[in-house]
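The values are calculated or read from the model by the stated rules, or taken from the named source; none is laboratory data. These numbers were taken from a predicted model, which means no experiment stands behind them. Every residue, glycine among them, receives a Cβ derived from its backbone with ideal geometry; neighbour counts consider all protein chains shown. All accessible areas refer to the heavy atoms of the entire protein, side chains included, with ligands and DNA or RNA removed. Shrake-Rupley method; radii C 1.70, N 1.55, O 1.52, S 1.80 Å.
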Amino acid sequence: MIGLRTLRAVAMTAATLGGLSGALVGLLTEQGRRARTAIGVLEHLWPAPDGVYLDDGRDPLRLAVLGDSMAVGVGVTHPSQMPGVLLAQALAEEAGRPVRLSTYAISGSTTRDLVPQVDAAVLDAPQVALVIIGANDVTSRMSPAESGRLLAEQVGKLRAIGCGVVVGTCPDLGIVRPIPQPLRMVGHQYSLRLAAAQTAAVRAAGGVPVSLANLLAPEFMARHADMFSSDRFHPSSVGYEAAAGVLLAPLCQVAGLWPGWVAPALPLRSAAALAVRPSRVPGWLQKRHA
């Protein structure tokens, strides 16, 4: 999962940023401990429901899903709500043909752990691959540069066999409310730095990056109760549906279904998300000085 170890490592990462007093490092470490206590434990961890969707006997489009717990779908209450299932069904409808879903993602994976996942996927020769990775890279305090390099190598392996690749980059850990401020701001800054490195690496390797932080964070912030699962860390079925919504079009593009598709200049926002105004001043500081 992108969970308890991540919180500890965010605090440890903060201590390496330089210029922090011992008191502030101690505060961040203590906040990580409190956040680990506040985050709940999920009761159900469903196995991946791999198989052929909308099967009509014809040769299916082969979809591989790789990455971490968000790629797996940790947090849903039924296997049908997993992102791989949602996207396999949607791709089958768009393609007008069956789609075979193969899930290689493993909860808790870092970019280093993509190597065996990609090696296994390549043997099955997928035509389309979705990768969601990055949040656990903070667990090992992997530098954005190293993370990007490793990701580019794995995307390159998939592209070498003619597979279209879409990568959902690191989500914004700054939207997880059980993580208190200022630790949450540290997670936010690290997430965005990592996502930027991933974006450049994926493009250079011939893949299509999708900024989950930019596209989803405002909705998750505005509709926190709906978008997060019972552990208050992983997405809920509603959150995964939102993620699938921003990933479907790029997947259709690399699958050759929407060859002329271009990403919109601005993502769609709900009225609740539009009501959330960005600020250079963290919310905890605004409240303190209100």
Nonlocal amide H pairs with ASP172, under 5 Å, H built at 1.01 Å: ALA213
Taking θ = phi - 60°, what integer Hz values does the Karplus form 6.51 cos²θ - 1.76 cosθ + 1.60 yield along the stretch 160-168, in sequence order, with x for Gly and Pro? 5, 9, x, 8, x, 10, 10, 10, x
Enter the Cα centre distance for the pair the stretch 60-102 and the stretch 107-185, rounded to the nearest angstrom. 17
Simple spin-label estimate for THR77/ARG141, 7 Å along Cα→Cβ, in nm, reads 4.0
Using a 1.4 angstrom probe on the protein heavy atoms only, line up GLU153, GLU93 by accessible area, largest first. GLU93, GLU153
Non-local residues with an amide H under 5 Å from the amide H of PHE228, with H modelled 1.01 Å from N and Pro and chain starts lacking one, are SER236
Extension gain, ALA160 back to ARG203 (0.36 nm per residue minus Cα-Cα distance, nm): 14.0 nm
Plugging the Cβ-Cβ distance of ARG193 and ASP119 into 1/(1 + (r/R0)^6) at R0 = 25 Å yields, to the nearest 0.05, a FRET efficiency of 0.35
Round to the nearest 0.05 the FRET efficiency obtained for ASP56 and TRP258 when R0 = 25 Å and r is the Cβ-Cβ distance. 0.70
Residue-normalised accessible area of the stretch 51-255, expressed per residue, 1.4 Å probe, Å²: 34
